[in-house]
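> Quick one: the structure is below, questions incoming.
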Amino acid sequence: MVRLALVGLPGSGKSTVGRQLARRLELPFSDSDHAIEQRLGCSIREYFEREGETAFRDVEEAVIHELMQAGTGVVATGGGAVLRPLNRQRLHAAGHVIYLHSTPEEAFRRVRHDSNRPLLQVDDPLGRLRDLHAQRDPLYRETAHFVIETGRPSVPTLVNMILMQLELAGVLPAS
């Protein structure tokens, strides 16, 4: 049974790469943010503004736990999923975690026009991403079994890099 989770900054490519990775492995794909929105019946941004970050993190914790217990598949987590120690422990124990490491500048280039990211609705989103990176990078590394530098490769190249790492580690059979 292969259970993979992707962690990283907002804009690091977790959903895009995760969807392609799942397709290549012929596994189900889940996006925790999408699952949270389905449960809430509204956007994360709306819920975040109305109920606050703590309430959102409570829902996120429950959804991640359910997704990681669901069996084989690829799960893209939200950028802040690693903030809670229980999430880090559960992710690390339940499957193989891949940290898509992006610099704040790379992430900003990808998300600068996205208005659906509540933590980036500030006067200086690049500065915010730098702060998030400083705070979260050690947590992503603590949670991850593998670190993939995203840089500027295409999505198929990133997927190939991940598959190669998983094969070298014996998580997947050599193709």
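The values are calculated or read from the model by the stated rules, or taken from the named source; none is laboratory data. Values in this document were obtained by computation on a predicted structure and should not be read as measured data. As a convention, Cβ positions derive from the backbone with ideal geometry for all residues, glycine included, and neighbour counts pool all protein chains shown.
> Of all residues in segment 18-33, how many are modelled with pLDDT of 95 or more and in contact with a Ser or Thr (Cβ under 8 Å, 6 or more places away or on another chain)?
Here the count works out to 4.
> Looking at segment 66-81 only, could you name the residues that are polar (S, T, N, Q) and free of Cβ contacts under 8 Å to residues at least 40 places away in the same chain?
Listed by number, the list holds a single entry, Gln69.
> Okay, moving on. Please list, ordered by first then second residue, the pairs with beta carbon atoms under 7 Å, 6 or more apart or interchain, first in segment 109-130 and modelled with pLDDT under 80 and among the β-branched types (Val, Ile, Thr), second surrounded by 12 or more Cβ atoms within 10 Å (Cβ to Cβ) and not in a loop (DSSP other than H, G, I, E, B).
Here the result reads Val111/Leu120; Val122/Arg128, each pair linking segment 109-130 to a residue that is surrounded by 12 or more Cβ atoms within 10 Å (Cβ to Cβ) and not in a loop (DSSP other than H, G, I, E, B).
> Only residues that are within 26 Å of Gln20 (Cα to Cα) and assigned to a helix (DSSP H, G or I): list them for segment 41-58, please.
Of everything in segment 41-58, those that are within 26 Å of Gln20 (Cα to Cα) and assigned to a helix (DSSP H, G or I) turn out to be Ile44, Arg45.
> If you don't mind, another one. Assuming Ala174 fulfils every condition listed in (1) surrounded by 14 or more Cβ atoms within 10 Å (Cβ to Cβ); (2) in contact with a Leu (Cβ under 9 Å, 6 or more places away or on another chain); (3) not in a helix (DSSP H, G or I) apart from one, which condition is it?
Just one mismatch for Ala174, condition (1).
> List pairs: first residue in segment 1-17 and at negative phi and in contact (Cβ under 8 Å) with a residue 24 or more places away in the chain, second residue acidic (Asp, Glu) and part of a strand (DSSP E or B) anywhere in the structure, Cβ distance under 9 angstrom, at least six positions apart or on different chains.
Taking only residues 6 or more apart or on different chains, the pairs are Lys14/Asp31; Ser15/Asp31.
> Still on this model: Can you spot a residue in segment 92-111 that is over 18 Å from the mean Cα position of the chain (by Cα) and part of a helix (DSSP H, G or I)?
Scanning segment 92-111, I find no residue that is over 18 Å from the mean Cα position of the chain (by Cα) and part of a helix (DSSP H, G or I), so the answer is no.
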